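I have placed the structure first, in the form of structure tokens, so that the comments after it can refer back to it.
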Amino acid sequence: MADVQNAASYPTSVASGGTSDLKARLIAAAEFLKSPNTVGSSFPASHWLIDRMLHGVDWSQVTTMLEYGPGTGAFTSAILAHLRPHARLIAIDTSPSFTDHLASAIPDRRLHVITGSATDAQQYMADLGLSQADCIISGLPFSTLEPAIATQIIDRSVQLLSPDGLFMAYQMRKAVRPLLEQRFSSVHAAYEWRNIPPCHLFWASEPNK
């Protein structure tokens, strides 16, 4: 699925910028002020963060991908630029402002935008006739989520992932790491200081079902 070791040590490159226009920035800032515990940052992901996070994913093996907390869609756009024509991306966010923006800003038939919680990802997948994901990426702030919710999200993600699936997370803090290490046999980490704010990056594979 992904060369996570190389991804963790990847130096630099340039990726697509996504939908980080003025409208997107204003929406992100407003949502962060309204709910700072559930919105990771008021700034869109930088091309450095996007490129480093996604480097190493074997896109030829990805037919179904989940995105938790897509925000205004910087990662969403970059993922769609890589996905094959018949693959699917299910983007889940609790904020209607974010999901409305995504649905209007990225008219792509491979993208399914859902307003809801990542804890219900299994149901959303089932509604689409899907049972497994090849890759999950999360921008959710696990350091501010209720511990029970954070645990539930990771546990259900493990059940959703295919045996050779990959879970990726970008975070301001390292709260997600012990959750990943308990449920995945392989966890690699890196730090992207050029992003605003700087982020910890995690790649977890070999889910323990």
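The values are calculated or read from the model by the stated rules, or taken from the named source; none is laboratory data. Quantities reported herein were computed from a predicted structural model and do not represent experimental measurements. Don't worry about glycine lacking a Cβ; one is built from the backbone with ideal geometry, like all the others, and counts go over all protein chains shown. For accessibility, only protein heavy atoms count, side chains too; no ligands or nucleic acids. Shrake-Rupley method; radii C 1.70, N 1.55, O 1.52, S 1.80 Å.
Being closer than 28 Å to Arg177 by Cβ, touching a residue at least 40 places away in the same chain (Cβ under 8 Å) and among the small types (Gly, Ala, Ser) narrows it down to one residue among Ser95, Ser117; which is it? First the steps, then the outcome.
Working: Ser117 fails: touching a residue at least 40 places away in the same chain (Cβ under 8 Å).
So the residue among Ser95, Ser117 that is closer than 28 Å to Arg177 by Cβ, touching a residue at least 40 places away in the same chain (Cβ under 8 Å) and among the small types (Gly, Ala, Ser) is Ser95.
Are any residues in the range 152-209 touching a residue at least 24 places away in the same chain (Cβ under 8 Å) and assigned to a loop (DSSP other than H, G, I, E, B), and if so, which ones? Matches in the range 152-209: Met172, Arg173, Lys174, Ala175, Arg194, Asn195, Ile196, Pro197, Pro198, Asn208, Lys209. The set of residues in the range 180-200 being under 21 Å from Thr151 (Cα atoms) and acidic (Asp, Glu) consists of Glu181 alone.
What residue, among those in the range 109-156 that are within 21 Å of Gly73 (Cβ to Cβ) and of a type in the set (S, T, N, Q), is most open to solvent (accessible area, probe 1.4 Å)? Of everything passing the filter in the range 109-156, Thr115 is most open to solvent (accessible area, probe 1.4 Å). Among residues of the range 63-81 that are free of Cβ contacts under 8 Å to residues at least 40 places away in the same chain, those with a beta-carbon under 8 Å from a residue that is in a strand (DSSP E or B) and surrounded by fewer than 22 Cβ atoms within 10 Å (Cβ to Cβ) at least six positions away or on a different chain give the pairs Leu80/Leu111.
Every residue, every condition in (1) among the basic types (Lys, Arg); (2) within 24 Å of Leu128 (Cβ to Cβ); (3) modelled with pLDDT of 95 or more, yes or no:
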| residue | (1), (2), (3) |
| --- | --- |
| Ala148 | no, no, yes |
| Gln152 | no, yes, yes |
| Ser162 | no, yes, yes |
| Leu166 | no, yes, yes |
| Asn195 | no, no, no |
| Leu201 | no, no, yes |
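Residues in the range 177-198 include none that are within 14 Å of the chain's Cα centre (by Cα) and either open to solvent by less than 60 Å² (accessible area, probe 1.4 Å) or acidic (Asp, Glu) (or both). Scan the range 90-110 for residues that are in contact with a Ser or Thr (Cβ under 7 Å, 6 or more places away or on another chain) and either within 26 Å of Pro163 (Cβ to Cβ) or not in a strand (DSSP E or B) (or both) and the total you get is 9. Number of residues in the range 44-67 that are part of a helix (DSSP H, G or I) and within 17 Å of Ile90 (Cα to Cα): the value is 3.
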